[in-house]
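The values are calculated or read from the model by the stated rules, or taken from the named source; none is laboratory data. Keep in mind it's a predicted model, so treat the numbers as computed, not measured. Note that we place each Cβ from the backbone using ideal geometry, even for glycine, and neighbour counts take in every protein chain shown.
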Amino acid sequence: MYREWRWGADENRFWRSAVMPAVLEWNPTVAAEELRERILATAAEGAPVILPGDYGYVAALPVQSPRLATLLQRLPEPAALWVKDSECLRALGVEIPLALQRLLNRAWPLPLLVLLSADSLQKQGFSRPAWWDSAVDSGQRLRLRHPEHTVASAIAEVLDVSQWLIADTGLPTVEAALDLMEEAEALGISAGVLSCHVRPSQVCFGSRGWEMIEEGAVSREELAHLTARLILFVCTGNTCRSPLAEGLAKVLAANRLGCSIDELPQRGLWITSAGLCTSGGWPASAEAIQVAAEYGVDLNRHRSQPLQPWLLAMADQVITMTQGHQQLLREQYPGLGPPPRLLWEDGDVADPIGAGPDAYRACAALLREQVERLLAEWLAS
């Protein structure tokens, strides 16, 4: 069970009431359902709930509160809509840009304040709810937030958080945040003293991509990876065909875009590879390294990685070398990730392992031809 006490009983506090805010000490072994009724009762009073967040404590405000405007004025940061996942936005009728959809699928929640540009909110038939003006900025960009903390995530699983606005207090203790809100009926959930040293990043998403407004806890490089188109090449051991395809794709894409390989995610492409039957950590075969170098591809530092469910789920395209790989993916990971497609539409790319340099050269030539075809498709969309 959680431990409860009352905060603010000191008669010298500048705000006093016969009723004082309740503070619950968070215990990760307690089911979030036990908190749900307390939170809903607090919302029924129109009062805020103070939760641990990723930048100190956050104030969660019920959108139906008759005192919402007053509560917002007490906060040092503007409020955002609490968004658990993409379904929350779809239910609202908001059009989700592709880059934001990837972010929500791959790494949400994050210490991030998302601004959704007005062009995503002009969908025909979109009806603005009553709380709208409290969660948009002067440019009519909708603010979205989901603090990266165990407590916030647990509560979001049992509560309709789309009926709540959320704002950072920037304060390290639940007591300080409760003092800020000056609400006797407020509820605080304490997780001890929290860090307030690094602010959440602010990023604007729109139909043309994203723009970093303020770089904070999430770097540009990290955000670029999380929003880029993820191309995943898959073979058996991830030591011959798929590393060759990955390396060729990176070199060809970088040449086409006029950037370095390391800059590809910032240009919208994240290219990697994995094996269906490997324990991981194996270098590329000597022949693959030799033939790759003839195409300007360096595989010396490559180490095989086994295909992981999380990587498959994050991918935009999964490209296999053979029909057997496709079938194995469907059997082992039904419904996970996009439907696998063959690299070579006319048949299988044969495994060159053990067949000598000429077989590797023939394999690399076929891989390059097919990757060039796909590259035109990636860059056109």
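General remarks:
- Residue match in segment 212-219 (condition: more than 27 Å from residue 59 (Cβ to Cβ), over 14 Å from the mean Cα position of the chain (by Cα) and part of a strand (DSSP E or B)): no
- Residue, modelled with the lowest pLDDT, within segment 138-186, restricted to residues that are of a type in the set (Ser, Thr, Tyr) and outside any helix (DSSP H, G or I): 138
- Matching residues, segment 296-343, being within 14 Å of residue 275 (Cβ to Cβ), polar (S, T, N, Q) and assigned to a loop (DSSP other than H, G, I, E, B): 304, 305, 308, 322
- In segment 360-381, the residues that are more than 14 Å from residue 242 (Cβ to Cβ) and without any contact (Cβ under 8 Å) to a residue 60 or more places away in the chain: 362, 365, 369, 373, 376, 377, 380, 381
- Output for segment 279-297, where each listed residue is loosely packed, with under 14 Cβ neighbours inside 10 Å and in contact with a helix residue (DSSP H, G or I) (Cβ under 9 Å, 6 or more places away or on another chain): 294, 296
- Each residue in segment 165-178 was checked for being surrounded by 24 or more Cβ atoms within 10 Å (Cβ to Cβ) and either of a type outside the set (Val, Ile, Thr) or touching a helix residue (DSSP H, G or I) at 6+ places or on another chain (Cβ under 7 Å) (or both), and 6 of them qualify.
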